[in-house]
2 protein chains.
Amino acid sequence: MNNMVVPVRADIEDAWEKIRPYIHKTPVLSSSLLNEMFGAELYFKCENFQKVGAFKFRGATNAVLSLNEEALSRGLVTHSSGNHAAAVSLAAKMRGARAYIVMPSNSPEVKKQAVAGYGAEIRFCEPNLRAREDTASEIIKETGATFIHAYDNFNVICGQGTVGLELINEYPDLDAVIGPVGGGGLMSGISIAVKGLDPDIKVYGAEPLGADDAYRSLKSGKLITHHKPDTIADGLLTTLSERTFAILGEKLDDIFTVTEESIVGCMQLIWERMKIIVEPSSAVTLAAIAENNQIFRNRKVGLVLSGGNVDLRNLPF
Amino acid sequence: MNNMVVPVRADIEDAWEKIRPYIHKTPVLSSSLLNEMFGAELYFKCENFQKVGAFKFRGATNAVLSLNEEALSRGLVTHSSGNHAAAVSLAAKMRGARAYIVMPSNSPEVKKQAVAGYGAEIRFCEPNLRAREDTASEIIKETGATFIHAYDNFNVICGQGTVGLELINEYPDLDAVIGPVGGGGLMSGISIAVKGLDPDIKVYGAEPLGADDAYRSLKSGKLITHHKPDTIADGLLTTLSERTFAILGEKLDDIFTVTEESIVGCMQLIWERMKIIVEPSSAVTLAAIAENNQIFRNRKVGLVLSGGNVDLRNLPF
């Protein structure tokens, strides 16, 4: 498959038909109190309630369901210390396949346990991208396992796009949809789905100022692949790929950066007022609305709460 | 009104018609993972998502809506340091009435702020029941305000019962419903509603072992009104009234006590696996299922998550 194959809306609809027996159709919540605070109608798509606690399960499931029996028998491999690792592990388990997860040796204990809990085989490596890629390559050589990239993968992007499909099918009259940008897989899929259904709906990305590579890439038109992210939003540390850069450049209406203070403040607001647990990466979207309130005022806005995996013993408030 | 007037199902249906424009019809969530863990189908009625973060808003709203303009103009009064105080405050504000809330001087800052945030007038008193009642009486003498008891009140019981009405209307084939017992207002209303709709549905109460006055009252047939509760479930410290004792004695199929360890463990399970914020009093119901698993195995069980107000800076895990 060409590295730069880009999905269209129909691909995302196909993905949804394939994965729907396996995923949760997550609820959309709203809060009259937050609507009042922000002067907008906010619709929160709760992927924190998705299996493994994050939208990543959609993409991983779609990728796994796209493999034939022979490929499945050789297993799956990915490198990730976060939600994608858990998602690939559970998706593999679901189909009786082995999952090899390459994790940096300094990954938090709670993440190691989560991945191990889904029955995956963990291989530790030095905490840098080179070591992660090398270790994954070794596993592929040993086992013939299929590598599933966290975002630079056609089937993964289609799976993540089903978040947007479900949201617009349930709330077709939204004025805008906003979600967080890390590697760009989620917002690539969502922007294709949403613009495919109704090009008048605005689609925005939100990114921590401390990891603003996508913002700078999209504003300059030149893909940045090296940066030193410094943010509490641990799901948004990666850079775009050529493919997600191309998709977002074409589809996104704009991208906003937000401060760490806004992220933590909005995370606490969601916990205290909506009584749901979201990780910092999820709060980035509400933070973007807080920091750019004039754009969203009196609008109906869909916000993607991307995940809910946090260490309860180590909260930022 | 006779102190011992007891509602019937039709009263709860009337209450629901009255309060429905003001309350949230809370969602019912389920978790395939928890279902697997407990070998049962669990349906969580999320009153933690209710306005003020607890079911108490239903009863307070019903009580406030039952007052005429003249009574409203004199205001409302209650003594409580918890969710009922916030509920009466917001219900009063909604109708443009004054609320006087008597709070023990040692109430946590976060609770004082919540009540003040709803615009209520707080009167502090010594931290004992006598001082609370005396201070409330003084306010009534001064202002002519109407006292709204947290559970020994016909309209409050009817309002709380709408939790059960909504649950059974949405899931009519439940085998059982279980909820926490403090003063007994919630489970009085729910048991009347549920048994009125289908007497074959079991209705159970759950109580911390460290505040097991209702358990002992119901098992001995003799109302206990003095005890020294010691539990993290701060919403379940009060004793039954004559009225709630009579209702629960007639309607409840059984009541279970649970350990502090179970409460904290189940609270953490709900946070980590369901990604929702519940207070310890809510976790008492899942704890009862954990400690009495044989009774609930292979059953469809509705659980009431009564509230979600916790101090995020002071978690038990």
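Kindly indicate whether A:V5 is in contact with a helix residue (DSSP H, G or I) (Cβ under 9 Å, 6 or more places away or on another chain), farther than 19 Å from A:G179 by Cβ, in a loop (DSSP other than H, G, I, E, B) and of a type outside the set (D, E).
Numbers: in contact with a helix residue (DSSP H, G or I) (Cβ under 9 Å, 6 or more places away or on another chain): yes; farther than 19 Å from A:G179 by Cβ: yes; in a loop (DSSP other than H, G, I, E, B): yes; of a type outside the set (D, E): yes.
Spelling it out, A:V5 is indeed in contact with a helix residue (DSSP H, G or I) (Cβ under 9 Å, 6 or more places away or on another chain), farther than 19 Å from A:G179 by Cβ, in a loop (DSSP other than H, G, I, E, B) and of a type outside the set (D, E).
Could you count how many residues in region B:161-173 are buried (at least 24 other Cβ atoms within 10 Å of the Cβ) and either assigned to a loop (DSSP other than H, G, I, E, B) or in contact with a strand residue (DSSP E or B) (Cβ under 7 Å, 6 or more places away or on another chain) (or both)? Steps first, please.
Taking region B:161-173 as the starting set, the residues that turn out to be buried (at least 24 other Cβ atoms within 10 Å of the Cβ) are B:161-164, B:167.
Restricting the remaining residues to those that are either assigned to a loop (DSSP other than H, G, I, E, B) or in contact with a strand residue (DSSP E or B) (Cβ under 7 Å, 6 or more places away or on another chain) (or both) gives B:163-164, B:167.
So the answer is 3.
Starting from region B:29-55, keep only residues that are more than 13 Å from every other protein chain (Cβ to nearest Cβ), then list their pairs with residues that are part of a helix (DSSP H, G or I) and aromatic (F, W, Y) whose Cβ atoms are within a distance under 9 Å, requiring at least 6 positions of separation or different chains.
B:F38/B:F296; B:G39/B:F296; B:A40/B:F296; B:L42/B:F296
May I ask you to say which residue of B:S73, B:S32 is closer than 22 Å to A:K51 by Cα and over 17 Å from the mean Cα position of the chain (by Cα)? Lay out the reasoning, then the answer.
Working: B:S73 fails: closer than 22 Å to A:K51 by Cα.
Checking each option against the conditions leaves just B:S32.
Test B:G179 against the criterion of being under 12 Å from the mean Cα position of the chain (by Cα) and assigned to a strand (DSSP E or B), and give yes or no. Show your work before the answer.
Numbers: under 12 Å from the mean Cα position of the chain (by Cα): yes; assigned to a strand (DSSP E or B): yes.
Considered against the rule, which asks whether it is under 12 Å from the mean Cα position of the chain (by Cα) and assigned to a strand (DSSP E or B), B:G179 comes out as yes.
Go over the candidates B:D212, B:D234, B:D230, B:D198 one by one and state the one that is away from chain A (no Cβ under 14 Å), closer than 30 Å to A:G307 by Cα and touching a residue at least 12 places away in the same chain (Cβ under 8 Å).
Working: B:D212 fails: closer than 30 Å to A:G307 by Cα; B:D230 fails: closer than 30 Å to A:G307 by Cα; B:D198 fails: closer than 30 Å to A:G307 by Cα.
So the residue among B:D212, B:D234, B:D230, B:D198 that is away from chain A (no Cβ under 14 Å), closer than 30 Å to A:G307 by Cα and touching a residue at least 12 places away in the same chain (Cβ under 8 Å) is B:D234.
Restricted to region A:129-160, and to residues that are assigned to a loop (DSSP other than H, G, I, E, B) and in contact with a Lys or Arg (Cβ under 6 Å, 6 or more places away or on another chain), which residue is nearest to A:I101 (Cα to Cα)? Quick ask: steps written out before the conclusion?
If we filter region A:129-160 for residues that are assigned to a loop (DSSP other than H, G, I, E, B), which is where we start, we get A:144-145, A:148-153.
Keeping just the survivors that are in contact with a Lys or Arg (Cβ under 6 Å, 6 or more places away or on another chain) gives A:144-145, A:152.
On the way: A:G144: 14, A:A145: 11, A:D152: 17 Å.
Filtering region A:129-160 for residues that are assigned to a loop (DSSP other than H, G, I, E, B) and in contact with a Lys or Arg (Cβ under 6 Å, 6 or more places away or on another chain), the one nearest to A:I101 (Cα to Cα) comes out as A:A145.
Name every residue in region B:296-317 that is more than 9 Å from chain A (Cβ to nearest Cβ) and free of Cβ contacts under 8 Å to residues at least 24 places away in the same chain, in order of residue number.
If the condition is that a residue be more than 9 Å from chain A (Cβ to nearest Cβ) and free of Cβ contacts under 8 Å to residues at least 24 places away in the same chain, then B:N314 is the only one that fits.
Look at A:E47 and say whether it is of a type in the set (D, E, K, R), under 30 Å from B:Q50 (Cβ atoms) and in contact with a Ser or Thr (Cβ under 6 Å, 6 or more places away or on another chain). It would help to see each step written out before you state the result.
Values: of a type in the set (D, E, K, R): yes; under 30 Å from B:Q50 (Cβ atoms): yes; in contact with a Ser or Thr (Cβ under 6 Å, 6 or more places away or on another chain): yes.
Here the answer is yes, as A:E47 does meet what is asked.
Here is a list of conditions, (1) within 20 Å of B:D14 (Cα to Cα); (2) under 18 Å from the mean Cα position of the chain (by Cα), and B:N169 meets all of them except one; can you say which number that is?
Of everything listed in (1) within 20 Å of B:D14 (Cα to Cα); (2) under 18 Å from the mean Cα position of the chain (by Cα), B:N169 misses just condition (2).
Restricting region A:239-291 to residues that are within 20 Å of A:N35 (Cβ to Cβ) and among the charged types (D, E, K, R), which is nearest to the other protein chains (Cβ to nearest Cβ)?
By that ranking, first place goes to A:K275.
Restricting to region B:9-25, name every residue that is within 23 Å of B:D173 (Cβ to Cβ), modelled with pLDDT of 95 or more and either surrounded by fewer than 14 Cβ atoms within 10 Å (Cβ to Cβ) or within 14 Å of chain A (Cβ to nearest Cβ) (or both).
At the first step, the residues of region B:9-25 found to be within 23 Å of B:D173 (Cβ to Cβ) are B:9-10, B:12-13, B:16, B:25.
Subset that is modelled with pLDDT of 95 or more: B:9-10, B:12-13, B:16.
Listed by number, the list holds a single entry, B:A10.
For A:D253, only one of the following conditions fails: (1) out of contact with any Asp or Glu (no Cβ under 8 Å at 6 or more places or on another chain); (2) surrounded by fewer than 24 Cβ atoms within 10 Å (Cβ to Cβ); (3) under 15 Å from A:A40 (Cβ atoms); (4) not aliphatic (A, V, I, L, M). What is its number?
For A:D253, the exception is condition (3).
May I ask you to list the residues in region A:31-44 that are at pLDDT below 95 and touching a strand residue (DSSP E or B) at 6+ places or on another chain (Cβ under 8 Å)?
Hit for region A:31-44 is A:S31, nothing else.
Quick one: is B:G235 under 25 Å from B:F154 (Cβ atoms), modelled with pLDDT of 95 or more and crowded, with 20+ Cβ neighbours inside 10 Å?
Values: under 25 Å from B:F154 (Cβ atoms): yes; modelled with pLDDT of 95 or more: no; crowded, with 20+ Cβ neighbours inside 10 Å: yes.
So B:G235 does not fit the description; no.
Conditions tested, residue by residue: (1) buried (at least 22 other Cβ atoms within 10 Å of the Cβ); (2) of a type in the set (S, T, Y); (3) under 19 Å from B:D234 (Cα atoms).
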residue: B:F55; (1), (2), (3): yes, no, yes
residue: B:N62; (1), (2), (3): yes, no, no
residue: B:H79; (1), (2), (3): yes, no, yes
residue: B:S89; (1), (2), (3): yes, yes, no
residue: B:R132; (1), (2), (3): no, no, yes
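Collect the residues in region B:208-239 that are outside any loop (DSSP other than H, G, I, E, B) and farther than 16 Å from B:G189 by Cβ, keeping them in residue-number order. Let's see the steps before the verdict.
Residues of region B:208-239 outside any loop (DSSP other than H, G, I, E, B): B:208-211, B:213-220.
Scanning region B:208-239 gives B:P208, B:L209, B:G210, B:A211, B:D213, B:Y215, B:R216, B:S217, B:L218, B:K219, B:S220.
The values are calculated or read from the model by the stated rules, or taken from the named source; none is laboratory data. This structure is a prediction, so every number in the text was calculated from the model and none was measured. Virtual Cβ from ideal backbone geometry, glycine too; neighbours counted across all protein chains shown.
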